[in-house]
Amino acid sequence: MEHLDRARDALTSYTSQLERSTVWAAVAGFLTLIFIANYFKTSPRSRLAKDGQPAAPREHPYLIPFIGHAPQFLAAQEWFLHRLRGLYPEGIFSIRLFGSTHSFISNPGLTAAVLNKPRSVANNDFLTPALLRSNFGLSKPDAAIFLSIMDQMSENVAGLLTESGLGELMDATLAHVKRTVADFVTFNSSPADQADWEINAGAEVVEDSKGEAFVQADLMELVRNYVAKTANPGFFGTNFVDNFPDAWQHMWKYDAGFLLMSILPSWLPVPSVGLARAAASKFRQCTYEYHEAMDKYLDGKDPGIKWQDLDNVSTMMKGRAEIFRRVNLSMQGRAGADLGIAWAMNANANSLVPWMIWEISRDVVLVEQIREEIAPYVRVAQPSNEFGAAVWLAPELEHVDVDGLLTKCPLLKGAYIETLRLYTGSWAMKQTVKDMIIGERGKEQAFFVKEGTYVHCPQDLHQMDPEAFPDPKEFLPQRHIRETEDKNGKLVRTAEMGTMKPYSGGPAMCKGRAFATREMMVYPAVLLSLYEFLAPEGRGWVMSKTEKRAATRHPLSPLTVWVRRKKFD
């Protein structure tokens with residue numbers, strides 16, 4: 001009997017498990033049928049009209065209703081979008097994300113058509129209020145005030161596009177570069193004797209097998225911190241940079257989490273977002289104190305012992321402070337707004353300069369060609385030394401011809417454009433507020449985009465397209481150089497952006513692009529004229545994997561280089 005009881009219990013248990021398995025199998029089968037049905041249901045939308053009439057962008061089929069393509073988009077966005085670019089060669093396609101239609105454009109002609117549409121047709125008005133709150137830390141009342149003066153803010157920043165505005169900033173920047181460039185690397189072993197940018201880069205003195213000394217450092221940290229320390233005095237004034245030596249470390253941490261901050265709710269415990277919010281708070285403390293001092297300065301009062309040189313704050317930043325005062329924006333609101341302008345002026349160009357130096361220096365032929373090209377426009381002199389070999393005097397940066405670098409150095413400019421192509425990926429987004437038709441100039445096929453569609457123009461879809469740029473992962477500055485004849489029949493070489501739009505386009509084109517261009521042309525020219533950047537002995541050029549941040553790519557491990565001073569007769 002005991003054996004029969006055990007057998008009966010075993011049979012009952014098996015039957016129960018079989019029933020549960022059957023239920024789960026039925027559920028899985030039902031869901032599979034739903035997914036397959038949804039896939040075939042959405043597949044007909046992927047046909048492109050052939051009659052020349054405006055066609056809806058082809059929509060990629062998806063399995064899961066409502067969720068759509070969210071799993072692929074969130075898990076492997078770059079791979080997913082680049083794959084779809086190849087599947088839809090017309091340069092536009094649509095996906096579904098949580099019930100909404102999102103159209104992505106890789107064709108530069110269609111991108112230009114979208115970016116030039118008036119706000120009454122398509123705009124990103126929904127985006128700015130959200131970023132003011134989530135990323136820049138403005139309260140709801142302060143955000144409303146800031147939105148009311150957006151036109152004044154745009155006009156103020158547009159001063160960066162004028163000759164006088166650019167001249168003021170470049171003069172201030174070059175003055176700081178001339179004063180500090182001899183100490184770009186100091187060859188001091190002790191952090192107490194190093195410059196801030198060396199400490200941030202983990203600089204140390206090493207020797208090669210022949211006994212020659214080099215400074216080993218992380219090129220990204222060395223250069224972007226040097227640029228921050230020498231370019232920002234032209235914006236915020238010398239007091240701000242001197243009073244807050246750690247401000248730029250907060251800025252880099254903030255930038256690392258910027259994208260996720262704009263997407264994820266503040267209560268979600270994501271480490272990178274938490275670090276970014278803490279860094280933003282610390283930077284706002286700096287800009288808060290700065291605005292307290294500016295308020296006193298503009299009232300003609302003594303701003304305090306730490307703020308005695310506010311005269312050298314840029315015209316643009318003084319203008320911003322005056323506007324904020326007129327509309328009674330709170331100190332917290334001013335601090336958040338200037339976190340925004342500081343991020344815009346530092347997070348992207350500062351990180352691109354080291355990438356440009358890295359790529360140029362890796363090619364022993366290219367680096368010497370560029371040095372030869374820029375030599376007439378970066379004048380370096382070795383001071384006479386009356387004390388003999390026992391006393392070393394640093395070469396002096398006597399003059400930088402910015403216009404000459406911009407207009408007469410096509411290889412340097414080609415390297416600048418190629419750096420933008422490889423390491424940037426600006427992402428313009430608009431929502432259509434009415435039905436919209438877009439087309440590529442000179443092409444018959446046009447596309448009809450329905451009202452309410454989110455239209456995305458990620459520039460790297462074009463910049464990394466092998467159809468547009470063969471061998472897209474290779475750094476080839478020559479691909480951007482064109483040869484033409486002038487009116488006298490002389491061959492002229494120029495470097496051109498072509499179909500690239502790294503600064504977006506249309507009315508929303510980046511207002512700081514002219515200064516960013518000068519930064520990226522001047523800093524590499526000066527540093528390559530005075531220093532050599534070499535691969536560590538025995539290691540070679542070890543390229544780090546990268547991650548995409550808000551608009552630029554960033555290395556996931558140090559870009560380790562050896563640096564030595566160039567020798568001059």
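The values are calculated or read from the model by the stated rules, or taken from the named source; none is laboratory data. The structure displayed is predicted, hence computed values, not measured ones. Glycine also receives a Cβ, built like all others from the backbone with ideal geometry; neighbour counts cover every protein chain displayed. In case anyone asks, the SASA skips ligands and DNA or RNA and just uses the protein heavy atoms, side chains included. Shrake-Rupley method; radii C 1.70, N 1.55, O 1.52, S 1.80 Å.
What FRET efficiency comes out for the pair Ser154/Ala130, r = Cβ-Cβ distance, R0 = 30 Å, nearest 0.05?
For Ser154 and Ala130, the calculated efficiency is 0.95.
Once you charge only the Cβ atoms, +1 for Lys and Arg and -1 for Asp and Glu, what is the size of the charge dipole of the chain about its Cα centre, to the nearest 20 debye?
Once rounded to the nearest 20, the dipole reads 2060 debye.
Considering only Ala195, Ile341, Tyr523, whose Cα is most displaced toward the positive end of the charge dipole of the chain, charges sitting on Cβ of Lys, Arg (+1) and Asp, Glu (-1)?
Result: Ile341.
Excluding same-chain residues fewer than 8 positions from Lys306, which aspartates and glutamates have a Cα within less than 19 Å of its Cα?
Once the sequence-local aspartates and glutamates are set aside, what remains near Lys306 is Asp242, Asp246, Glu289, Glu292, Asp295.
Write down the percent of antiparallel bridges among all DSSP beta bridges whose residues are both part of the range 53-147, to the nearest 5.
DSSP beta bridges in the range 53-147 are roughly 90 percent antiparallel.
Provide the net charge surrounding Val542, with neighbours chosen by a C-beta distance below 15 Å and charges set as Lys +1, Arg +1, Asp -1, Glu -1.
Surrounding charge for Val542 is 0.
Which whole-number percent is the relative contact order of the chain (Cα, under 8 Å, 6+ apart)?
With pairs under 8 Å counted, the relative contact order is 19 percent.
Calculate the FRET efficiency for Ala76 and Met429 from the Cβ-Cβ distance with a Förster distance of 22 Å, rounded to the nearest 0.05.
Computed FRET efficiency for Ala76 and Met429: 0.65.
Order the peptides 159-165, 454-460 from the highest to the lowest mean number of other Cβ atoms within 10 Å of their residues.
454-460, 159-165
Using a 1.4 Å probe on the protein chains only, how many percent of the accessible area of the chain belongs to carbon and sulfur?
55 percent
Output the peptides 204-210, 343-349, 143-149 sorted from most to least packed, where packing is the average of other Cβ atoms within 10 Å over each peptide's residues.
Going from most to least packed, we get 343-349, 143-149, 204-210.
So what are the ³J(HN,Hα) numbers for the range 351-365, from phi and the Karplus equation (6.51, -1.76, 1.60; θ = phi - 60°), rounded to whole Hz, Gly and Pro as x?
Coupling constants for the range 351-365: 7, 7, 4, x, 4, 5, 5, 4, 5, 5, 5, 5, 9, 5, 6 Hz.
What is the dipole size for the range 292-382, taken about its Cα centre, with +1 at each Lys and Arg Cβ and -1 at each Asp and Glu Cβ, in debye to the nearest 20?
The calculation lands at about 360 debye.
Among Ala175, Tyr423, Phe214, which residue has its Cα furthest toward the positive end of the charge dipole of the chain, with +1 on Lys/Arg Cβ and -1 on Asp/Glu Cβ?
It is Tyr423.
Given labels modelled 7 Å from the Cα in the Cβ direction, how far is it in nm from Asp471 to Ile263?
In this crude spin-label approximation the distance works out to 3.3 nm.
With a ≥ b ≥ c the root eigenvalues of the C-alpha gyration tensor of the range 58-114, is it rounded (a/c under 1.5), prolate (a/b larger than b/c) or oblate?
In terms of gyration-tensor shape, prolate.
For the range 159-223 and the range 436-481, compute the distance between their C-alpha centroids and round to whole Å.
The distance from the Cα centre of the range 159-223 to that of the range 436-481 comes to 37 Å.
Label the range 197-342 by shape, choosing from rounded, prolate and oblate, from the square roots a ≥ b ≥ c of the eigenvalues of the Cα gyration tensor; if a/c is under 1.5 it is rounded, and otherwise prolate applies when a/b is larger than b/c, oblate when it is not.
Oblate shape, in that a/c is at least 1.5 and b/c is the bigger or equal ratio.
Assigning unit charges at the beta carbon (Lys, Arg +1; Asp, Glu -1) and nothing else, what dipole magnitude in debye, to the nearest 20, does the range 82-205 show about its Cα centre?
Computed about the Cα centre, the dipole is about 900 debye.
What net charge do the residues around Val455 carry, taking every other residue with its C-beta under 11 Å from that of Val455, with Lys and Arg at +1 and Asp and Glu at -1?
Value of the local net charge: +3.
Write down the accessible area per residue of the chain in Å², having rolled a 1.4 Å probe over the full set of protein chains.
Normalised by residue count, the accessible surface of the chain is 49 Å².
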